[in-house]
Amino acid sequence: MIKKFHSVLISTFYSTKKIIKIVLPLFLIPTISKFVYLLNESLIRSNYLKYIFFNFIEDLLVAIGALFFITLFARKIDPKFFITKILVTFMLFLLQTIYIFDLFLLNTIDIRASVQNFLFLLDGKVFFDSIPESKLILFFAILSMNILFSFFFAIKFLEKTKSIKIQKLGLLLIILIASDFGLNLTLNKSVKYNYYTKNYILHELKKGIKTSFNINQLSKDNQEPFNRLDQNKSENFISYNKDPYKKKTISFKGKKLFNIRINKKEKPNVFFVFLESFRRKNIGALGASIPASPNFDRWSKKGILFSNFYANGVQTTRAVLASLFGVIPRHTEKSVQSDTDYDKLIGLPEIFKSEGYKTVFFHNGSLKFEKKDIFFSKNKFDEIHGAKNIIKQFPKHERTSWGVHDEYLMDYISSWLDKNKTIHQPIMATLFTVSHHHPWKLPKSYTPPDFPKTKSAEYDNFLKTFHYSDHCLNIFLESLKKSGLDKNSIVFILSDTSNPQGEHDNNHMLIKNIYEENLQIPFLILAEERIEKAALIDTLASQIDILPTVLDIFSIKTKNYSMGKSLVRKQDDNNVFANNPFELKYWTMIKNKRKYVLIVNKEKVVYDLKNDVLEKFNIFEAHRDNKYFNKLQRQIKYVDAFHKHMKKIY
């Protein structure tokens, strides 16, 4: 009996050795590449070698799994058929291409691949200027070599399929699955190191299985509306039984922090100006160490400037949802804007349209990117103007892959306003700029001032395009003044997002981390001859507060889904919620000068923003106060339930 068992053990060992030898190229590529990356980034530590071993098992599991299913497929069809070789080549090519794309992203922008990243390839030309040419050439060269590798490997592999015992291959696969499951349960994994070493394909499969089991499981906490908790103490509203997330705003109450005069029958024009990546950290009026906003600073002296204002997300699409619809962005890599089934929100375009306004959207980038054309059409914009419209009017122009430079956008809007000055209808216009986007390229016609040298060439270029963006803002505001429209307009100026410039871990990627430099932005309201007194207001606030603030200023009664509060009113208990569904998948709540961060709903971090402005020290272990984390988790459940509800009922 012992001899028989020993014989089976030896046989299994040699079969395993043979199988691993066959799949060696399939799992060595991701394993070695990730190890080299960690080595280059100085992330290798002796106590983290266990994570590399764990993910070595994952890489081997995927390779054995691929071998198992290809072997089954090859035995159904004659391996000698040419079509079999082509199909197996395609399977192997697809597998390796996923790894190549994942490692390309990791080495280019320091993030891992995801399904949404692959969807971005449909709009790939938009990203060209943001990717170093040398890395792009290398990527396509490796991709081309992968075709030859896959074909060569397919032929060699098909020659050996008959000698592989499918039972032993299946047994090895089961052992690896069990090992992976056991290691997941017993290994106290670091979220960060797991992120950088995990097998992307296996991770996506696990996520898909988990989602399919949990998709309809909403806790009782999800049924309690966010608005009933603490965000709307100054708002009088009516709730709806059939749709608990919807409300009708009736009025606002409480002491006013500022006043903008609008007569009862008056309908001034409204402009929402979103400046790309126009972060707070370089706004002179807000105490920047390296100011780059002389025009914004000058105009801010005439308006209402908010000094403690945040973005609720880390992409333009998320700024759209938060700012125009008053809703915290969905915590998924796919944005609501690019989800064509998601079209029943109630936002400022619809609200102003119902008030008799003509609603117009202007952008100097592609309207196809992330389906802007579809989304804004569905959400009650009468007219939508993009880069193609601007190019038609200005055939001689400068641009990047992201779009036409901002000065052409401002001139185009000025021309449009002039053509429509006789329509006898108030205008609600929303404009998004694009020039101040990575890779921070200026038009040749613009010469910025000399800024002090920073630690990186990227930050140096960032400051120059920041100054250009500020210059173009001034073009727009001066055109309103010149036409006389400024006296009959209210202008809301903010950024879509912030952008880090190496403050932590030399990071320049917005979708990495959730530090202050990832979130803090300016917010300014201008209303010529309507503001009683210019003010600098330090209320803790965010983009979701814009919709209720607008309703308060204009005294509009309307249905909405807003999760924010009116910034017109003084409130004693304020907080901000934001999320980043990329990289380590962050949620954060800022309250009482402290920032509470959840990483993948597991690791907890607390920063004291008053005494630790650089966010260097995690004080969670010292205090162990879960009160506010419980509050944050309730909000996470609410936001998740809200977005699922919106898709479900419509």
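The values are calculated or read from the model by the stated rules, or taken from the named source; none is laboratory data. Remember, it's a predicted structure, so these values are computed and weren't measured experimentally. Ideal geometry is used to build each Cβ from the backbone, glycine not excepted, and the neighbour counts take in all protein chains shown. What goes into the accessible areas is simple: the full protein's heavy atoms, side chains included, and nothing from ligands, DNA or RNA. Shrake-Rupley method; radii C 1.70, N 1.55, O 1.52, S 1.80 Å.
General remarks:
- Inter-part distance, region 88-155 to region 610-650, computed on C-alpha centroids, equals 35 Å.
- Modelled label positions at Lys76 and Ser144, each set 7 Å beyond Cα in the direction of Cβ, lie 3.5 nm from each other.
- Given a 1.4 Å probe and the protein chains as shown, Leu494 ends up with an accessible area of around 0 Å².
- Counting only protein heavy atoms and a probe of 1.4 Å, the accessible surface of region 265-369 is 48% carbon and sulfur.
- Helical runs (DSSP H, four residues minimum) scored at -39500 (n - 2.57) apiece and divided by the length of the chain put the mean residue ellipticity at 222 nm at -14500 deg cm²/dmol.
- Panel note: the C-alpha atoms of region 402-467, placed on their principal axes, show extents of 53, 20, 19 Å (largest first).
- Entry comment: accessible area of region 589-650 is 56 Å² per residue, from protein heavy atoms only and a probe of 1.4 Å.
- Reducing region 534-580 and region 337-372 to their Cα centroids gives an inter-centroid distance of 20 Å.
- Taking the Cα centre of region 132-184 as origin and assigning +1 to Lys and Arg Cβ atoms and -1 to Asp and Glu Cβ atoms, the resulting dipole is close to 320 debye.
- Using the Cβ of Lys368 as centre and a radius below 10 Å, the other residues enclosed give a net charge of 0, where K and R count +1 and D and E count -1.
- Ordered by solvent-accessible area of protein heavy atoms (1.4 Å probe), largest first, the residues Phe352, Phe451 come out as Phe451, Phe352.
- Semi-axes of the equivalent ellipsoid for region 298-403, computed as √(5λ) from the eigenvalues of its C-alpha gyration tensor and ordered from largest down, come to 23, 20, 17 Å.
- For region 427-551, the convex hull drawn through the C-alpha positions has a volume of 154 cubic angstrom per residue.
- Calculated translational diffusion coefficient of the chain (20 °C, 1.002 mPa s; Stokes-Einstein with Kirkwood radius over alpha-carbon pairs) equals 79 µm²/s.
- Considering all different alpha carbon pairs of region 366-487, the Kirkwood hydrodynamic radius works out to 16.0 Å.
- Crossing angle, helix 627-649 versus the chain [Cα axis fit, 0-90 degrees, rounded to tens]: 90
- Between helix 2-40 and the chain there is an angle of about 30 degrees, using the helix long axis and the longest principal axis of the Cα atoms.
- Take Leu510: with every protein chain present and a 1.4 Å probe, its accessible area is about 20 Å².
- Dipole moment magnitude, nearest 20 debye, region 361-453 about Cα centre, only Lys, Arg, Asp, Glu C-beta charged: 280
- Extension gain (nm, one decimal) between Ser354 and Ile423, 0.36 nm per residue minus Cα-Cα: 23.1 nm
- Accessible area in square angstrom per residue, region 488-558, 1.4 angstrom probe: 28
- Positive-pole candidate from Trp587, Val606, Val550, dipole of region 543-607, charges at beta carbon: Val606
- Working ranking of peptides 236-247, 633-644 by packing, defined as the average number of other Cβ atoms within 10 Å per residue, highest first, is 633-644, 236-247.
- Rel. contact order, % - alpha carbon contacts under 8 angstrom, at least six apart, region 355-509: 22
- For Arg75, the accessible area of its heavy atoms, probed at 1.4 Å with every protein chain present, is near 120 square angstrom.
- Candidate residues Phe181, Phe271: accessible-area rank, largest first, probe 1.4 Å: Phe181, Phe271
- Rounded tilt (10° steps) of 406-419 against the dominant C-alpha axis of the chain: 50
- When all protein chains stay in place and ligands, DNA and RNA are ignored, the 1.4 Å accessible-area order of His397, His508, His424, largest first, is His424, His397, His508.
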